[in-house]
Structures are given as C-alpha cells and as structure tokens.
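Just below is one structure, and these are the notes that go with it.
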Amino acid sequence: MTARKIIIDTDPGQDDAVAILLALASPEEVEVLGITAVAGNVPLPLTAKNARIVCELAGKPDTKVFAGCDAPLSRKLVTAEHVHGKTGLDGPVLPDPTMPLQDAHAVDFIIDTLRSEAPGTVTLCPLGPLTNIATAIRKAPDIVARIQEIVLMGGAYFEVGNITPAAEFNIYVDPEAADIVFKSGAPLTVMPLDVTHKALTTRPRIEAFRALGTEPGRMVAEWTDFFERFDMEKYGSQGAPLHDPCVIAYLIRPDLFSGRHINVMIETAGDFTLGMTVADWWRVTGRAPNAMFMGDVDADGFFALLTDRIGRL
C-alpha cells in the first residue's frame, strides 16, 4: 500500500501534538509532506514553535514546518490558553527546537505542493482554524480540483459547542474561513465533537502511554494529564477528549469511524450561533451533501492504535 501524502495544518495544542506524533509514527500509511502552522490555540509564533518541538520529540527534525496566517480572515484572534496553557504545550518542560522554520509562507507551500503533486494525491489535514486552507483556496482556486480530500477536526452538532453554546472552537475562531472551505467543493471529512467526545482519555489509557517507557510516551501521558483536568471539570466526564488525533487515525484506520454524508453549512452572522456547523443530519433541507460528518468512533480501537504507534517512536 502506498502511503497517503498529507499536509498537516495545525495550531499545537497538546492534542495537535499527539496527532502529529501519530502521523510521524505511521510512515507506511501517511507521508507527511509538511506541517503548516496557523494561529489558534495560541498565537502563531507559539504554534510554529510547538510544531517543531513535536517533530524533534518524534525524532523527525527533517520535517518541513511552515508558519502561516497569524489572524483570522476578518476577525480578532480568539485563543485557548485557558485549556492548553500559556505555551500551548503546558505540562512537561520541553527544550526549544533547533530545527528551522522554512522560509516560505504556509499558504504558498500548500498551493505549490498541490500544484506540483499529481492531482488527487494530496490530503489536507487541518487540526485548527481553517484560515490557512481558506486563504490558499481564495488565492489559488485551481487547487480545489487537485485536493484528494480535506479531513478536518472541527464543528459539532449533537454535542453542541465547546467555546460557545453553539460553536466548536476551531470553526468559531474563523467562521468565514470555514465557510469558504465547506463551500469549496473539495471532498470533506469532518471529525466533530460528536466523535472526539467519545475518544476520552481514561487513567488506564494514559498510563498505557507512560508504560511505553519512551520519551514520546511520557510526553503524551503528561500532556493528557495536564489538559484532562480542565475537560473533566468542564464536562463532568471520566476523561478528556483527544480531538485532533482522530483525523490521523481516520487516515490509518477508517474502519474505526462511522458517519453520514450530509450537508453542513457554517453560521457566519448569528448573534448566538456564530461559528455553528449546521449539520443536516436528518436530511431535511434538500441541500446537497458536502461533507462526511462523522458521528461515532471505536474508542478502544482508537487508543490501541495510538498507543501502538506512539510506542514506535
């Protein structure tokens, strides 16, 4: 099987970091062409730094990391230090990266890569706000037809919002960008809170990472220890959701996930619903489907995959 070529667009974030580790640990299934950083969980200088920290933790310092957009298309940046800490990777102390940022802008890298690779062979994996992806589409509309698939973490429907009553954080930060992406016509697969809230850390799952006896395993355990406290208090759950690794896990083991091909629209003007992913789950609107909107995950299989792959680093 040929490894699937991917670009990870990200705003690390502890769960983003775990997703990057999963991808870099799985070269048989995914080939990471590059990692593009965007402002989101923390400002761009930190997300670009954190992406490189994770690459070095994985022992992959040759991975190309690009800095992208430092603010949403038309709004003031909203960040999530209250979840991820002031660095975005609070918890364990990690050294500053020594690997360089690439000179090119992330948006240009996305465009150039899609134009240079064979059509339909590059998958975009956004784990944060969709600013870089939307900017690339606006700047070079021709790339849409060349995208194999966009597999993203974002949105919510039955689980409602996590940053407002109606909106999930990634979509809320830049709803105009999300609107562009969801209307682009590119094949979309969405990992909303409906799925990620079923991929909960538990004490045995966290200790399985620690028991790997490796530095990446210890880091994953300590990161999850850190943000688990916030989510358990917020949701009253037995653990914290590992959102972003669901994107990479889907590329490796799509059989772990199930959902529906439906129409999803982004609310960009609502007073109370700004950033809501309006998912026509029951197909009542007659609008054409534009996204595979996932609704369930085999959590045990997901964590087994994650533990196995992190253990390979």
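If R0 is taken as 35 Å, the Cβ-Cβ distance between A104 and D308 corresponds to a FRET efficiency of 0.55.
Straight Cα distances below 21 angstrom link K5 to the lysines K60, K64, with same-chain residues fewer than 8 positions distant left out.
The shape of region 74-217 can be summarised by an equivalent ellipsoid whose semi-axes, obtained from the alpha carbon gyration tensor, come to 29, 21, 17 Å from longest to shortest. Remark: the E117-E215 segment gains 31.8 nm on full extension, using 0.36 nm per residue and subtracting the alpha carbon distance. Taking every DSSP helix (H) stretch of at least 4 residues in the chain, weighting each as -39,500 (n - 2.57) and dividing the sum by the residue count yields a mean residue ellipticity at 222 nm of -10500 deg cm²/dmol. For region 158-182 versus region 233-304, the inter-centroid distance based on Cα atoms is 11 Å. Close amide H partners of R4, meaning residues 5 or more places away or on another chain with modelled amide H under 5 Å apart, are V30, E31. Expressed as a whole percent, the proportion of Cα-Cα pairs in region 1-128 lying more than 20 Å apart is 40%.
Working note: Karplus 6.51/-1.76/1.60 with θ = phi - 60° gives region 304-310 the couplings 5, 4, 4, 5, 4, 6, 4 Hz, where Gly and Pro are set to x.
Treating only the Cβ of Lys, Arg, Asp and Glu as charged (+1, +1, -1, -1), what charge dipole size does the chain show about its Cα centre? Round to the nearest 20 debye. The dipole magnitude comes to about 300 debye. The residues packed around D142, meaning those with a beta-carbon under 15 Å from its beta-carbon, carry a net charge of +1 if Lys and Arg are +1 and Asp and Glu are -1.
Given a Förster distance of 30 angstrom, what is the FRET efficiency for K183 paired with S258, based on the Cβ-Cβ distance and rounded to 0.05? It comes to 0.75. What the phi angles of region 10-24 give under the Karplus curve with 6.51, -1.76 and 1.60, with θ = phi - 60°, is a coupling list of 8, 9, x, x, 4, 6, 4, 4, 5, 5, 4, 4, 4, 5, 5 Hz, glycine and proline written as x. Amide H to amide H, with H built 1.01 Å from N, D9 comes under 5 Å of T36, C125, L127, counting only residues 5 or more places away or on other chains. Quick one: check the C-alpha center-to-center distance for region 109-154 versus region 32-72, whole angstrom. Region 109-154 and region 32-72 have Cα centres separated by 17 Å. Only lysines eight or more places from K76 in sequence, or on another chain, were considered; those with a Cα closer than 26 Å are K49, K86, K139, K183, K234.
Per the Kirkwood treatment, what hydrodynamic radius in Å, one decimal, follows for the chain from the mean inverse distance over all distinct Cα pairs? For the chain, the Kirkwood estimate is 19.0 Å.
Remark: spin-label model distance R283-R138 equals 3.5 nm, labels positioned 7 Å along the Cα→Cβ axis. Positive contributions from Lys and Arg (+1) and negative ones from Asp and Glu (-1), summed over other residues with Cβ under 13 Å from the Cβ of E117, come out at +2. Across region 95-153, the mean sequence separation of Cα contacts (distance under 8 Å, 6 or more residues apart), normalised by length, yields a relative contact order of 43 percent.
Each DSSP beta bridge with both residues in the chain is either parallel or antiparallel, and the antiparallel ones are about 30%.
Residue separation of E207 and T164 scaled by 0.36 nm, minus their Cα-Cα distance, works out to 12.3 nm of gained length.
No value in this document is a laboratory result; all are computed from the given coordinates. Values in this document were obtained by computation on a predicted structure and should not be read as measured data. In this analysis, Cβ positions are derived from the backbone assuming ideal geometry, glycine residues included, and neighbour counts consider all displayed protein chains.
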